[in-house]
There are 2 protein chains.
Amino acid sequence: MLKIVKIGGNIVDNPEKLDSFLAGFAALEGSKILVHGGGKIATAVSKGLGVEARMIDGRRVTDAETLKVVTMVYAGLVNKTIVAKLQALGCNAFGLCGADGNLIPSVKRNPVPIDFGYVGDPVAGRFGIATARTLIDAGFSPVVAPVTHSGDGTLLNTNADTIAQTVAVGLATHYDVELVYCFEKPGVLADVNDEGSVIPHITPASFVDLRAQGVVSDGMIPKLENAFAAIAGGVRAVVICGSERLLTSGYGGTTCAG
Amino acid sequence: MLKIVKIGGNIVDNPEKLDSFLAGFAALEGSKILVHGGGKIATAVSKGLGVEARMIDGRRVTDAETLKVVTMVYAGLVNKTIVAKLQALGCNAFGLCGADGNLIPSVKRNPVPIDFGYVGDPVAGRFGIATARTLIDAGFSPVVAPVTHSGDGTLLNTNADTIAQTVAVGLATHYDVELVYCFEKPGVLADVNDEGSVIPHITPASFVDLRAQGVVSDGMIPKLENAFAAIAGGVRAVVICGSERLLTSGYGGTTCAG
C-alpha cells in the first residue's frame with residue numbers, strides 16, 4: 001500500500017504539532033508520500049519584503065513577486081526543513097516540487113473572469129508517474145511542495161489539497177493508494193461542537209444522506225466531494241483526520257470509501 | 001561520461017547569462033549534474049527581512065535567521081527557477097539539496113576558533129552515491145543547491161565549489177567524471193589582463209611550474225588545488241572556464257588532468 005498524507009498550514013506553522021506529526025509519519029510502515037501546504041510563513045516573508053498581499057474574493061492573488069516568495073518558502077524553507085527533520089527520524093525523505101522531474105505539469109489558470117496570477121491547476125492525465133515511481137521504488141519518501149510548473153519555464157502556485165489528489169489519482173494505477181488529509185479536527189464530525197462525534201465511515205450513499213440532513217457543514221462539503229472524486233479516480237480510501245493520531249487504526253478519523 | 005557543471009552567483013544573479021548558460025547546459029549530451037551557488041539574491045532577501053549580515057574575516061556568518069534565508073533562496077527560489085527553465089529547454093532537471101535522499105551528509109563546522117554558525121562541510125566517504133545514481137540512471141539531470149544537513153535535523157549552508165567536488169569525487173567510482181567550474185574568466189590566464197591567454201592544459205607538474213613562476217594568481221591557486229584534489233580523488237578531468245562556451249571543445253577553458 002502507498003500512503004499519501006497531506007498536511008496544511010496549521011501544522012506547518014506550529015513547530016510542536018509539526019514535530020509530533022513527523023514522528024508519526026516517519027513511523028508509518030510501507031511506501032509513503034507527504035504533501036505539505038504553505039502556512040503563514042509566506043505572509044510574514046511577503047510583509048518583510050514589502051510584497052503586498054492582494055486578495056480577490058478572499059483569495060490571494062499570486063503576482064510575480066508573491067510567486068517568488070511562495071517558491072522560496074514552500075519549495076525551499078518548509079520543504080527542506082521537513083526533509084531534514086524526517087531524515088533525522090530515520091525516514092529517507094526526498095523533497096521536490098511539481099517542476100522537479102516534471103512531476104506535476106500544470107496550466108496557468110485562465111485570467112478570465114478573475115486573474116489570480118501565477119496559479120496553476122494540474123493537467124489531468126499528465127502526472128509524472130515514472131518520476132514518482134523512481135523515487136518510491138528506490139525507497140524514498142517524497143515530500144511534495146505545492147508549487148508546479150507549466151512547462152514553459154513558469155513556476156505556479158498550486159493548492160496543496162489538489163496536489164495530494166493529483167498524486168493519489170496519478171499513482172492509483174500502480175499502487176493500492178490511501179489518501180490521508182490531516183486537518184484541524186479529528187475527522188468529519190456528526191456534531192461540529194463535539195470532537196468525540198467523529199463519523200468513522202462515509203460511503204457515497206451515506207454522504208448523500210449526511211448532506212441532505214445538513215450534518216456535514218459547508219467547509220466539509222468540498223473536502224468530501226474531493227475525497228469521493230479521488231475514490232472515483234481509483235484511490236482505495238480517503239481519510240480525513242487530525243494530525244496527531246497517524247499511528248492509530250483508521251487514524252482516529254473518517255474513512256471515505258466506495 | 002558524467003559531466004558535473006558548477007555555476008556561481010555571478011551567473012545566477014544575471015538573467016541573460018543564466019539563460020544563455022542553461023541553453024548550453026541543456027544541450028550537453030549524456031548524463032549531467034548542475035551545482036549552483038547562491039548569489040546576491042540572498043543578501044537582498046536578508047536585508048528585506050531585517051536579517052543583519054554578520055561577517056568575520058570577510059566571510060558571512062550563517063546564524064539561524066540567515067540559514068532560513070539561505071534555505072529559501074538557494075534550495076527554493078534559485079533551485080526551482082533553474083529546474084523550471086531547464087524543463088522548458090527539454091532537459092529533465094530534478095532539483096535537490098544535500099538533505100534530500102541524504103545526498104550530502106555534512107558536519108557543522110567547529111565553532112572554535114571562529115564560529116561561522118550553520119555552515120557545514122561534507123563528510124568524506126559518506127556521499128549518497130545510491131541517491132545520485134537513482135536520479136542519473138533514471139535519466140534525470142540533478143540540480144544541486146548548496147545546502148546540506150548534519151543528519152540530526154539541522155540544515156547547513158555549504159560552499160558550492162565544495163559541493164561540486166564532493167559530488168564529482170563521490171561519483172568517480174561509478175562514472176567517468178568530468179568536473180566543470182564556470183567562473184567569470186574564460187579559463188586560467190597566462191596574463192590576467194588578456195582573456196585570450198587561456199592556458200589550455202595544466203598537469204600537476206605544470207601547476208608546480210606555473211606557481212613557481214608566479215603565473216597563477218592568488219585567487220586561482222585554491223581553485224587549482226581543489227581541481228587536482230578532485231583528480232587525485234578519481235575525477236578524470238577538471239575544467240575551469242567561462243559559462244558561455246559549454247558547447248565548444250574543451251569549453252574554451254583550461255583542462256586540468258593527471
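The values are calculated or read from the model by the stated rules, or taken from the named source; none is laboratory data. The structure presented is a predicted model; accordingly, all values stated were derived computationally and were not measured. FYI the Cβ positions are ideal-geometry reconstructions off the backbone, even for glycines, and counts take in every protein chain you see.
Structure data summary
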{"read-out": "Single residue of A:Ala130, A:Ala99, A:Ala88 found to be of a type in the set (A, V, I, L, M, F, W, C) and closer than 14 Å to A:Leu171 by Cβ", "value": "A:Ala130"}
{"read-out": "Exclusive hit being in contact (Cβ under 8 Å) with a residue 60 or more places away in the chain and over 29 Å from A:Gly50 (Cα atoms), set B:Val35, B:Val83", "value": "B:Val35"}
{"read-out": "Residue match in region B:45-54 (condition: at the interface with chain A (Cβ under 7 Å from one of its Cβ atoms) and among the acidic types (Asp, Glu))", "value": "no"}
{"read-out": "Residue tally, condition within 14 Å of another protein chain (Cβ to nearest Cβ), in contact (Cβ under 8 Å) with a residue 60 or more places away in the chain and out of contact with any strand residue (DSSP E or B) (no Cβ under 7 Å at 6 or more places or on another chain), over region B:152-179", "value": "0"}
{"read-out": "Matching residues, region B:128-157, being under 10 Å from the mean Cα position of the chain (by Cα) and of a type in the set (Val, Ile, Thr)", "value": "B:Val144"}
{"read-out": "Residue check, B:Pro142 out of contact with any strand residue (DSSP E or B) (no Cβ under 6 Å at 6 or more places or on another chain), within 21 Å of A:Thr71 (Cβ to Cβ) and within 13 Å of chain A (Cβ to nearest Cβ)", "value": "no"}
{"read-out": "Whichever residue in region A:38-54 is touching a residue at least 12 places away in the same chain (Cβ under 8 Å) and crowded, with 16+ Cβ neighbours inside 10 Å and, among such residues, is nearest to the chain's Cα centre (by Cα)", "value": "A:Gly38"}
{"read-out": "Candidates B:Asp115, B:Asp121, B:Asp194 - the one that is more than 12 Å from chain A (Cβ to nearest Cβ), under 19 Å from the mean Cα position of the chain (by Cα) and not in a helix (DSSP H, G or I)", "value": "B:Asp121"}
{"read-out": "Residue within region B:195-205 that is farther than 26 Å from B:Leu22 by Cα and touching a helix residue (DSSP H, G or I) at 6+ places or on another chain (Cβ under 6 Å) present", "value": "yes"}
{"read-out": "Failed item, numbered, when A:Pro186 is tested on (1) touching an Asp or Glu at 6+ places or on another chain (Cβ under 7 Å); (2) assigned to a strand (DSSP E or B)", "value": "(2)"}
{"read-out": "Residues located in region A:75-112, provided they are under 30 Å from B:Thr131 (Cβ atoms) and part of a loop (DSSP other than H, G, I, E, B)", "value": "A:Leu89, A:Gly90, A:Cys91, A:Asn92, A:Cys97, A:Gly98, A:Ala99, A:Leu103, A:Ile104"}
{"read-out": "Among residues of region A:243-256, those that are modelled with pLDDT of 95 or more and of a type in the set (Gly, Ala, Ser), counted", "value": "1"}
{"read-out": "Qualifying residues in region A:67-91 (those that are more than 20 Å from the chain's Cα centre (by Cα) and either within 22 Å of B:Ile82 (Cα to Cα) or surrounded by fewer than 20 Cβ atoms within 10 Å (Cβ to Cβ) (or both)) - the one farthest from the other protein chains (Cβ to nearest Cβ)", "value": "A:Gly90"}
{"read-out": "Given (1) acidic (Asp, Glu); (2) more than 11 Å from every other protein chain (Cβ to nearest Cβ); (3) within 23 Å of A:Val70 (Cα to Cα), index of the condition B:Asp100 fails", "value": "(2)"}
{"read-out": "Region B:55-66, subset surrounded by 13 or more Cβ atoms within 10 Å (Cβ to Cβ) and charged (D, E, K, R), residue nearest to the other protein chains (Cβ to nearest Cβ)", "value": "B:Glu65"}
{"read-out": "Subset of region B:31-43 (residues that are modelled with pLDDT of 90 or more and of a type in the set (Gly, Ala, Ser))", "value": "B:Ser31, B:Gly37, B:Ala42"}
{"read-out": "Subset of region B:179-199 [in contact with a Ser or Thr (Cβ under 9 Å, 6 or more places away or on another chain) and either surrounded by 12 or more Cβ atoms within 10 Å (Cβ to Cβ) or among the aliphatic types (A, V, I, L, M) (or both)]", "value": "B:Cys182, B:Phe183, B:Pro186, B:Gly187, B:Val188, B:Leu189, B:Ala190, B:Val192, B:Val198, B:Ile199"}
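Rundown of residues vs (1) aromatic (Phe, Trp, Tyr); (2) assigned to a helix (DSSP H, G or I); (3) in contact with a Ser or Thr (Cβ under 7 Å, 6 or more places away or on another chain); (4) within 21 Å of A:Gly8 (Cα to Cα), yes/no style:
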{"position": "A:Ala205", "(1), (2), (3), (4)": "no, yes, no, no"}
{"position": "A:Val208", "(1), (2), (3), (4)": "no, yes, no, no"}
{"position": "A:Gly214", "(1), (2), (3), (4)": "no, no, no, no"}
{"position": "A:Asp218", "(1), (2), (3), (4)": "no, no, no, yes"}
{"position": "A:Phe228", "(1), (2), (3), (4)": "yes, yes, no, yes"}
{"position": "A:Ser243", "(1), (2), (3), (4)": "no, no, no, yes"}
{"position": "A:Gly250", "(1), (2), (3), (4)": "no, yes, no, yes"}
